[in-house]
1. Let me spell it out: the conditions are (1) of a type outside the set (V, I, T); (2) without any contact (Cβ under 8 Å) to a residue 40 or more places away in the chain; (3) surrounded by 17 or more Cβ atoms within 10 Å (Cβ to Cβ), and S29 meets all of them except one. Which number is the exception?
2. Give S134, S35 a once-over and let me know the one that is modelled with pLDDT under 95 and either under 23 Å from C168 (Cα atoms) or touching a His at 6+ places or on another chain (Cβ under 7 Å) (or both).
3. Is there a residue in region 73-92 that is surrounded by 18 or more Cβ atoms within 10 Å (Cβ to Cβ), closer than 21 Å to T46 by Cα and in contact with a Leu (Cβ under 6 Å, 6 or more places away or on another chain)?
4. Here is a list of conditions, (1) buried (at least 16 other Cβ atoms within 10 Å of the Cβ); (2) β-branched (V, I, T); (3) assigned by TED's automatic domain parsing to the domain that holds E23, and V59 meets all of them except one; can you say which number that is?
5. Inside region 99-212, counting only helices (runs of 4 or more DSSP H) that do not spill past its ends, which hold 3 or more residues that are buried (at least 18 other Cβ atoms within 10 Å of the Cβ)?
6. Going by the structure shown, is E129 closer than 30 Å to I80 by Cβ and in contact with a helix residue (DSSP H, G or I) (Cβ under 7 Å, 6 or more places away or on another chain)?
7. Only one of (1) in contact (Cβ under 8 Å) with a residue 12 or more places away in the chain; (2) surrounded by fewer than 21 Cβ atoms within 10 Å (Cβ to Cβ) is not met by S49, so which one is it?
Amino acid sequence: MKSKTKLSIFDTFKTKYNSLTGEAMRQRSIIRILSSNANPAERTRTGISQKIAKGQGIVWKNIYSGIFRDLDEILLPMGIAEEHGRLPLKRGPKALQEKGIPFYHLTRKGVLIALSIKEVENKEKLLIEFFSESDSKEKEFEKVLTNLSRTSPNFTYSIFQKYVKAFCDDKIIDLFPFDLSKLQNIPDESLVIQKEILEAVLKLSNPEKDEAIRLLSEIT
């Protein structure tokens, strides 16, 4: 049974393992919008619904209830997003005009999760933002991940993906403190292969490296 506060960004259909569920795609879209430079109006529930609907060519009112539920039952209670301010209303009930309409942004936890989502575009900026508030233990990962992100961005952000997915799969109890050693006891063949390749490349001579790169270029 699903928890009320389960983050579903990696959920797939049981019969289509590589196909994300509608809920997963919706939550990923919300986080992507909140991680972008969207203006406050685009970061309200209505604005988020309209932006997603426009991209999908559907009526925004048809997905509004899902957006509302994702924010109010999952992203806000989990501390992934939070209210960033309120926009004044010119129409509607007086009480609502006085209170305004809330718009949202990502918390530091939300930024970490955004780094794990393939569709998020401005990851370099988010990586800087994430580590700008890191504690002393997290600082040990900052230099290596920042350097790797410049030379091997796909590999770097795949590490964030594996870390956040482990949390979503209940294999990591909490995302913080950010500590990649939490992944040590979680089998992952792709990480083992990547480590093996990195260690092998470091041992190769320059001509051998060139030959390896040529080989990989022919099959990728």
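1. For S29, the exception is condition (2).
2. Values: S35 fails: modelled with pLDDT under 95.
Of the residues listed, the single one that is modelled with pLDDT under 95 and either under 23 Å from C168 (Cα atoms) or touching a His at 6+ places or on another chain (Cβ under 7 Å) (or both) is S134.
3. yes
4. Unmet condition: (1).
5. The helices (runs of 4 or more DSSP H) meeting that bar are 108-114, 123-131, 153-168.
6. Values: closer than 30 Å to I80 by Cβ: yes; in contact with a helix residue (DSSP H, G or I) (Cβ under 7 Å, 6 or more places away or on another chain): yes.
Spelling it out, E129 is indeed closer than 30 Å to I80 by Cβ and in contact with a helix residue (DSSP H, G or I) (Cβ under 7 Å, 6 or more places away or on another chain).
7. Condition not satisfied by S49: (2).
The values are calculated or read from the model by the stated rules, or taken from the named source; none is laboratory data. Not measured: the values here are computed from a predicted model. Note that we place each Cβ from the backbone using ideal geometry, even for glycine, and neighbour counts take in every protein chain shown.
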